[in-house]
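These notes concern the structure reproduced below.
The values are calculated or read from the model by the stated rules, or taken from the named source; none is laboratory data. Since the structure is predicted, the reported quantities are computational estimates derived from the model, not experimental observations. With ideal geometry, Cβ positions are generated from the backbone for all residues, glycine too; neighbour counts draw on all protein chains shown. Remember, those area values only see protein heavy atoms, side chains included, never the ligands or the DNA or RNA. Shrake-Rupley method; radii C 1.70, N 1.55, O 1.52, S 1.80 Å.
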Amino acid sequence: MIGQTGLVLEGGGMRGVYTAGILECFLEQDLFFPYVIGVSAGACNAASYLSKQKGRNKTVTIEYANDPRYISWKNYFRNRQIFGMDFIFDEIPNKYVPYDYDAFYNSTSEFVVGTTDCVTGEPVYYKRQDYQKDLLTVLRASSSLPFIAPEVSFKDKLLLDGGISDPIPIRQAQKDGFTKNIVVLTRNEGYAKKPSKFHFMVERKYPEYTGLQKSLRDRYEIYNNTISYLIEEEKKGNVFLIRPSVPLKVGRIERNPQRLMELYQQGYQDAKALKESIVEYIG
């Protein structure tokens, strides 16, 4: 377990296989942190990392990528969700690729999952004491993208993807007392998010959720400001950034196993190459 350094994980849908590769390398090196926070795909990958199940993220994400139950337009036309949320957050962990709940709950690492409150549009973070045995529910909420997945009800709140309101939850990690953090991004250096041109669709789809409308409208600004903040924090030595060295060929709903495997290997190799620097940073 590594001192007082936190681990912060960005989401990004199937781009998260980059993070999966990094965490696989961490697993092999027995590199664990007392605090892990993630949103969306970042949080999902962290779950298998914290249960210490080597290879599980690769199996779930890459080997199932071509399964129409995992991602398909058939899912969308049938259930209005491109990702098969019941399949991903129920059948896979409980039947096909069993999740080691005991190992996860025996882990001493705090694991925080970020979500977005549909009513207020504000981020809502859940720690172990909040979700207890309902880990899969908050992971599902954190991964439920607008338009392609339904809202998730949990503890009197309606929730959607954590990446909407806080795509890279570095400030929450700092608020929770971790002044030094390893931050894993799923976009290459120089990437900037652009404003959405489809906000009229948001208003039509979610007319009652004005807070969510605002967060989705401001999402590009929140993301770009967070990147600027991270760059400044990196200069101060408060964060260690890990991100793809080349622009990604993988999209949020990528289904090509070869492209996914290449990105997974890129994450693995990047973590391996940075091992000494990471250990030195942690001290």
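Within the option set Glu254, Glu189, being part of a loop (DSSP other than H, G, I, E, B), under 17 Å from the mean Cα position of the chain (by Cα) and among the charged types (D, E, K, R) holds for one residue only, Glu254. Of the residues making up region 128-143, those that are more than 17 Å from Val60 (Cβ to Cβ) and open to solvent by less than 60 Å² (accessible area, probe 1.4 Å) are Arg128, Asp130, Tyr131, Thr137, Val138, Ala141. Contact map, region 28-51: residues that are closer than 8 Å to Phe111 by Cα and in contact (Cβ under 8 Å) with a residue 60 or more places away in the chain paired with residues that are assigned to a strand (DSSP E or B) and charged (D, E, K, R), Cβ distance under 6 Å, separation 6+ or inter-chain. Pairs shown: Tyr35/Glu110. Per the listing Thr108, Thr120, the residue uniquely at pLDDT 90 or above, closer than 25 Å to Pro167 by Cβ and assigned to a loop (DSSP other than H, G, I, E, B) is Thr120.
Looking across region 229-240 at every residue that is surrounded by 18 or more Cβ atoms within 10 Å (Cβ to Cβ) and not aromatic (Phe, Trp, Tyr), the one that is nearest to Phe147 (Cα to Cα) is identified as Leu230. Identification of helices (runs of 4 or more DSSP H) wholly contained in region 1-90 with 1 or more residues that are modelled with pLDDT under 95 yields 73-79. The residue list Lys205, Lys194 contains one member that is in contact with a helix residue (DSSP H, G or I) (Cβ under 8 Å, 6 or more places away or on another chain) and touching a residue at least 24 places away in the same chain (Cβ under 8 Å), which is Lys194.
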